[in-house]
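Just below is one structure, and these are the notes that go with it.
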Amino acid sequence: ALLEFGVAYDRPGSAKLDFGAGYNFSETAHEDFSAFDVRIHRGSANMSYDLGRFDVGATLQYAVAELDGTEFLALTQLSPYVSGLVGRKLFLRFAYLDSDKDFADNPARDAATSSFSSDAYVFIDGLKTYLTFGHRYDDEDAGFDELDYTGQRFAVQLSHRFAARAREITLKTHVRAESRDYRAVTPSIGELRRDDRLELGIVVEIPVGQRAVTRVSLRHADNESNLPSVSFAETVASI
């Protein structure tokens, strides 16, 4: 069983200073395997200021996760950013992300992560057809040395809206690649661990009447690693 609930507030108006806040609750319950039951409380806040040609702002997120009814993980993320439109076809966003993970019963897995990300939106035909390019660099320092790593993520997505029988259908396709290089030898394999992930996906959103949308997605990912327990492939289809 899945349950999700959320509320959010964004200050209305056209002032240069904008801010908002939100709360989200989600729970996953299993009939036979309660050890995998997950409950998450997440709060968020954001603020931005319009400087004319570009915006500066920051986002804050705090989440608490419970596993099988007991506290499991607390996550804090703070991300200042700068973004702006370059001409009429290009939108750029640069951000720094500071993350802190605190595991209740396993302090060896506690970690602090510094990340730098850049995103570019290329508008081919306004919001009807556009490309998104993304890159992120992560440097994670964990309590357990063998979990320290540096990693990079790359993503490309094409979004396209088109009319079919008086309906505006949205089609999104993406390719994402991620690699992680761990800095200390993993004892179980006797060498430095490396993870690589490649994901392909497609999403179609089809309006149904005036108040509903059908969303169909297909995603395939290959996870390769010299640590066998995290080397696997998965295909997920949803509607």
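From the list Arg153, Arg193, which residue is open to solvent by 50 Å² or more (accessible area, probe 1.4 Å) and at negative phi? Every option except Arg153 fails the conditions.
Could you tell me whether any residue of segment 41-64 is farther than 25 Å from Ser117 by Cα, touching an Asp or Glu at 6+ places or on another chain (Cβ under 8 Å) and not in a loop (DSSP other than H, G, I, E, B)?
No, segment 41-64 contains no residue that is farther than 25 Å from Ser117 by Cα, touching an Asp or Glu at 6+ places or on another chain (Cβ under 8 Å) and not in a loop (DSSP other than H, G, I, E, B).
Could you say whether any residue in segment 112-132 is over 23 Å from Val156 (Cα atoms) and surrounded by 14 or more Cβ atoms within 10 Å (Cβ to Cβ)? Yes, segment 112-132 contains a residue that is over 23 Å from Val156 (Cα atoms) and surrounded by 14 or more Cβ atoms within 10 Å (Cβ to Cβ). Residues of segment 157-187 that are open to solvent by 60 Å² or more (accessible area, probe 1.4 Å) and either touching a residue at least 40 places away in the same chain (Cβ under 8 Å) or in contact with a Ser or Thr (Cβ under 8 Å, 6 or more places away or on another chain) (or both): Leu158, His160, Arg161, Arg167, Lys172, Arg180, Asp181, Arg183, Pro187. For segment 70-87, indicate whether the set of residues that are over 23 Å from the mean Cα position of the chain (by Cα), closer than 25 Å to Tyr121 by Cα and part of a loop (DSSP other than H, G, I, E, B) is non-empty. Yes, some residue in segment 70-87 is over 23 Å from the mean Cα position of the chain (by Cα), closer than 25 Å to Tyr121 by Cα and part of a loop (DSSP other than H, G, I, E, B). Among the residues making up segment 88-111, those that are under 30 Å from Phe144 (Cβ atoms), within 17 Å of the chain's Cα centre (by Cα) and open to solvent by 40 Å² or more (accessible area, probe 1.4 Å) are Tyr96, Asp98, Asp100, Lys101.
Results for (1) in contact (Cβ under 8 Å) with a residue 40 or more places away in the chain; (2) aromatic (Phe, Trp, Tyr); (3) closer than 30 Å to His135 by Cβ, shown as yes or no for each residue.
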| site | (1), (2), (3) |
| --- | --- |
| Arg11 | no, no, no |
| Leu17 | no, no, yes |
| Phe33 | no, yes, no |
| Arg42 | no, no, yes |
| Asn46 | no, no, yes |
| Leu60 | no, no, yes |
| Ala63 | no, no, yes |
| Glu71 | no, no, no |
| Ser118 | no, no, yes |
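The values are calculated or read from the model by the stated rules, or taken from the named source; none is laboratory data. Computed from a predicted structure; not experimentally measured. As a convention, Cβ positions derive from the backbone with ideal geometry for all residues, glycine included, and neighbour counts pool all protein chains shown. Just the protein is used for accessible areas: all its heavy atoms, side chains included, with ligands, DNA and RNA removed. Shrake-Rupley method; radii C 1.70, N 1.55, O 1.52, S 1.80 Å.
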